1. Name every residue in the stretch E:179-207 that is among the hydroxyl-bearing types (Ser, Thr, Tyr), facing chain D (nearest Cβ under 8 Å) and under 23 Å from residue A:17 (Cβ atoms), in order of residue number.
2. Select, from C:56, C:30, the only residue that is out of contact with any Leu (no Cβ under 8 Å at 6 or more places or on another chain), more than 24 Å from residue B:169 (Cα to Cα) and free of Cβ contacts under 8 Å to residues at least 12 places away in the same chain.
3. Please state which one of C:18, C:8, C:14 is under 21 Å from the mean Cα position of the chain (by Cα), more than 30 Å from residue C:230 (Cβ to Cβ) and either within 11 Å of another protein chain (Cβ to nearest Cβ) or charged (D, E, K, R) (or both).
4. If I ask for residues that are more than 8 Å from every other protein chain (Cβ to nearest Cβ) and closer than 15 Å to residue A:191 by Cα, which ones from the stretch A:154-178 would you list?
5. Can you tell me which residue in the stretch A:89-108 is nearest to residue A:227 (Cα to Cα), limited to those that are among the hydroxyl-bearing types (Ser, Thr, Tyr) and part of a helix (DSSP H, G or I)?
6. Would you be able to tell me the number of residues in the stretch A:83-119 that are without any contact (Cβ under 8 Å) to a residue 12 or more places away in the chain and of a type outside the set (A, V, I, L, M, F, W, C)?
7. Residue B:127 - would you say it is under 23 Å from residue B:223 (Cβ atoms) and among the small types (Gly, Ala, Ser)?
Amino acid sequence: MDIATIIGIVMGIGLVAGAIMMKESITAFIDPASAAVVAGGTAAAALVSFPLSNVIKILAVVRKAFFARPVNPVNHVTTLVRLAEVARRDGILSLESHLSEGDYDPFLVQGLRMAIDGQDPAVIELALEQEVETITDRHANGRALFEGIAKFAPAFGMIGTLIGLVIMLKNMDDPDNLGPAMAIALITTFYGSLIANLFAMPIADKLALRSSQEVAAKLLIIRGVMSIQAGDNPRIVQQKLLAFLDNKQRQQLENAAA
Amino acid sequence: MDIATIIGIVMGIGLVAGAIMMKESITAFIDPASAAVVAGGTAAAALVSFPLSNVIKILAVVRKAFFARPVNPVNHVTTLVRLAEVARRDGILSLESHLSEGDYDPFLVQGLRMAIDGQDPAVIELALEQEVETITDRHANGRALFEGIAKFAPAFGMIGTLIGLVIMLKNMDDPDNLGPAMAIALITTFYGSLIANLFAMPIADKLALRSSQEVAAKLLIIRGVMSIQAGDNPRIVQQKLLAFLDNKQRQQLENAAA
Amino acid sequence: MDIATIIGIVMGIGLVAGAIMMKESITAFIDPASAAVVAGGTAAAALVSFPLSNVIKILAVVRKAFFARPVNPVNHVTTLVRLAEVARRDGILSLESHLSEGDYDPFLVQGLRMAIDGQDPAVIELALEQEVETITDRHANGRALFEGIAKFAPAFGMIGTLIGLVIMLKNMDDPDNLGPAMAIALITTFYGSLIANLFAMPIADKLALRSSQEVAAKLLIIRGVMSIQAGDNPRIVQQKLLAFLDNKQRQQLENAAA
Amino acid sequence: MDIATIIGIVMGIGLVAGAIMMKESITAFIDPASAAVVAGGTAAAALVSFPLSNVIKILAVVRKAFFARPVNPVNHVTTLVRLAEVARRDGILSLESHLSEGDYDPFLVQGLRMAIDGQDPAVIELALEQEVETITDRHANGRALFEGIAKFAPAFGMIGTLIGLVIMLKNMDDPDNLGPAMAIALITTFYGSLIANLFAMPIADKLALRSSQEVAAKLLIIRGVMSIQAGDNPRIVQQKLLAFLDNKQRQQLENAAA
Amino acid sequence: MDIATIIGIVMGIGLVAGAIMMKESITAFIDPASAAVVAGGTAAAALVSFPLSNVIKILAVVRKAFFARPVNPVNHVTTLVRLAEVARRDGILSLESHLSEGDYDPFLVQGLRMAIDGQDPAVIELALEQEVETITDRHANGRALFEGIAKFAPAFGMIGTLIGLVIMLKNMDDPDNLGPAMAIALITTFYGSLIANLFAMPIADKLALRSSQEVAAKLLIIRGVMSIQAGDNPRIVQQKLLAFLDNKQRQQLENAAA
């Protein structure tokens, strides 16, 4: 998992724990039954929402989204321009040997292989765009799991608090016990809110960001592959791909070329 | 219904019941009048939202979505590639006998029949895409029913609690009764929240997931049928369909071919 | 209005009234001033949102959506196939006499009249699609009115409760009156919630469902008209329209043909 | 401003004031400091959201949307059909003198002038559609201002209540003062809710309705101009434009023609 | 930062502080531990949502969006018309020297350079539109950061209040301390609401407005560049661009021409 995620979660838990410990023992906020209602209820709702096989597949997608270092799009541009030079000089068939030797992005390899096979450009573009859509769907499923948790955890937090309140209200004979009973009732809401806002929702947001970055990179590669397939001059290939880069990345590209 | 749904709901109810029973008799949370307000009010609102005939049709769609085991898209690919081989070898008309013998997906059969009939590719594609849209609409209606329940159950839970609070506040003469009266008032909110978060919303989410999977499978079949209709080489058919598979499914396809 | 709507609303009110009367006189929940704040405030907000002339037009659309029995799309298909047979046999001009005699859907008549007039297919399709858009806009306005009520009724319910609470808090000298005063304050929230969840929101949902059904029927008719205009074989016309039917409706169509 | 808006707001304020005065002096609900927090805080947030120059421009758009009486689309149709007759009879160049004499919609004039200039139809259509998009953007900005107020007013209402509650809780020595202090704390929530639900949200909704009506009228004009430019028969022009009218408007058109 | 933003935030803080100081010392609302929970928790959630490198890049985009004075689209039109005159008179190649001398918008320069290079119009348009999409994505990321803060700050405000409430309820022995303890508990909700509604949400709204303005300007430039590339008459170029201007801006353009 990327370090920012770990730092963020540890920092959030640390802050909350610190704020508690300034005035009270942390044990006042640890209640296994409350944790069971919130975590278990959320897990149960997630189990209804997502078939088990999907959860496993989704977690694999999520893990990959977290661990895979996002490739700088500048690298894709330089790679594509270099391959365009080879294709221009030695013919597109000569790319075959380059692709099998180098360590290229599988999506790029797949697109260029179709081009080398002499397939119709419209077919290549359609297949690559369809694949981007398949990937987007998978990412959306991953996000849906965490969005589901962000939705169900506070709901079961509230359900837990309702349970606590009803029990407390049924037993109001001992007024001394009212405060502590209500304190425990509120702990499930606290858990649910923390799970939603420190884990589930931020992770869903990060998956959305990563997904949009990966899709942008894939669209860049499609544009590059189509340009190489069309036999474009490497300078034109680069110019077509510049539109995917921001100013800083264009600067990097110029520095790399220099 | 798929097992995960049953396990999830049973587990959720079990957890909630367990949390209650640790401190209180479960009967404290069973109140038929409260259940009538929440379930009845939700049913009444659903009846206004959806004409009865639609509810019956919707439930059939939902039941099908739950019981039908989702077909692995890999199987669709192998089937389509095999049919492409037949069409390539013996002509597209020879598919007719295969289709009437084998146990094929009805949507696939329908598309290929139109191709065998020699209809215009654009007409075939339009008809199949229109059917996907009709299916998507039906799924959306099924989802809308459960989303409606997820919306109305907490609302009638709150309405029940308001009724309980107003009655309690009108009769504050006996302070000893305040706690238990408020406890009962809160039970409708508890019911509404549980119905929404353990049944209705997760089932709506699962229907969304199933719908997107079924649509993806249908789009795969459309692409395959159009490719067979165009007389594509089976290798090309497979390549066009690969874009719908993730890496693990591609692996399965390779293993199946080996 | 369709019966389900009336049954649903009556059933909802009955349940709520029953739940109240089990413990308290129903008069405790009837407060004209509260009703005036909620209903009047909601009406005032709706008046700002929608010009009067629009409200009248919208209500006509809504009434029509409720009273008009939705036509079974199977009937549209059989009608279109029958007209296609006539057009194929006697020429498209021969449809004119059929249209003026039979009791046909006005939208269908309008489309076929344009075809009989010999207008360009693209012009016919554009005009019919534009009309579907105009209808969709009108339905959306009708829905917007009920969605507005569903939004403003709970808001004015809360405003009424705030008024009641402020007055109660200003006059805390007589503690005996606190409970009843707060009970009355809560009644506006109760009214607002009931208006939103038993009337406005379910009706908005039903309008959405009806609108999508009517649009689907119109799209079916467009496809059929364009197919007749193109001189398609009746069998092809039917095949093109099948995509708009679900399995049960296809069964009905086969039974009708038999 | 259209009368319904004024009536609605006056009626809403009257109802709320009446409900208050039935039980309490209206002065109990007037608190300048509370008003300053809610109105000032909302204004401050709006100032951060919208640059001053935009607010001024937006208010002009809004004022225009309110004061301009919406033109009956039937009038646009009769005008366009009449101009189509002239163009058909005397040539499109002859429209020039009509346009400079009559009192025509500026958008219609602009479109016909481009047609008279002999510009390419695709260029005319693109320019007119772009203008519709520019108008839609401006309307969306106007709506965004009122949606912002509808969002920020309740938020600053709650912030004001929090301030009041914190001050009250810090000074609990005098229990007699608790009620009135909390009453004042609640007044900001009351103000925020009233601003949002009686002014800002309904006005945003009305702007949305007006915008959709204006856009529909502009699209009707575009269709008409393109039809005149193409030299269509006036009867065809009318038939193409009928799709933008509902049944009642078509009746009006027939009556006008009779 | 533009002045309205600073004025708005200062004015909002001033109003809130003023409302507090009318009745209580401002120190009652300053609590470092509460600030740490809200600001720290929000920062932690943001850190999980957005990788650090993205936050830095996003802040650069945001800073630019705030500081860059939005260019009046009228200036773009006059510049493009002037360049169209040069291109018409001296040929498109003659623009090269103008572009290298003058102080032109980089996006405009890039588009015209591609036109001067003699690239295919479709390629130029695609590249420029792709760049607009890249810019829109970057703006959306900037907005997402502030929308995230607007979402997490109130959530951690509520988490802080829950912590305070639980601690207070656990220690109800000293009733004199109840009020002040609850006051402090509420301060985190106050902080969270203020951060969301005075900073984060209004800034996100302003970024949305700025983004839409910048995109509209870029689309205007694309239309102008394509028109110059096509060798359009300067009068036609201007007419095509008028659609992007509102009435006041058209007036400015006429005045500038006069």
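Every number in this text was worked out from the coordinates using simple rules, so none of it is lab data. Predicted, not measured: the structure shown is a model, and the values here were computed from it. We place every Cβ from the backbone using ideal geometry, glycine too, and count neighbours over all the protein chains shown.
1. As a first pass, look at the stretch E:179-207 and keep what is among the hydroxyl-bearing types (Ser, Thr, Tyr): E:188-189, E:191, E:193.
From what is left, the residues that are facing chain D (nearest Cβ under 8 Å) are E:189, E:193.
Passing the criteria: only E:189.
2. C:56
3. Testing whether each residue is under 21 Å from the mean Cα position of the chain (by Cα), more than 30 Å from residue C:230 (Cβ to Cβ) and either within 11 Å of another protein chain (Cβ to nearest Cβ) or charged (D, E, K, R) (or both) leaves just C:8.
4. Matches in the stretch A:154-178: A:154, A:157, A:161, A:164.
5. Filtering the stretch A:89-108 for residues that are among the hydroxyl-bearing types (Ser, Thr, Tyr) and part of a helix (DSSP H, G or I), the one nearest to residue A:227 (Cα to Cα) comes out as A:94.
6. 13
7. Judged against the criteria, residue B:127 is a match.
Yes/no per residue for (1) surrounded by fewer than 20 Cβ atoms within 10 Å (Cβ to Cβ); (2) away from chain D (no Cβ under 11 Å):
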residue	(1), (2)
C:94	yes, yes
C:97	yes, yes
C:101	yes, yes
C:108	no, yes
C:111	no, no
C:120	yes, no
C:128	no, no
C:140	yes, no
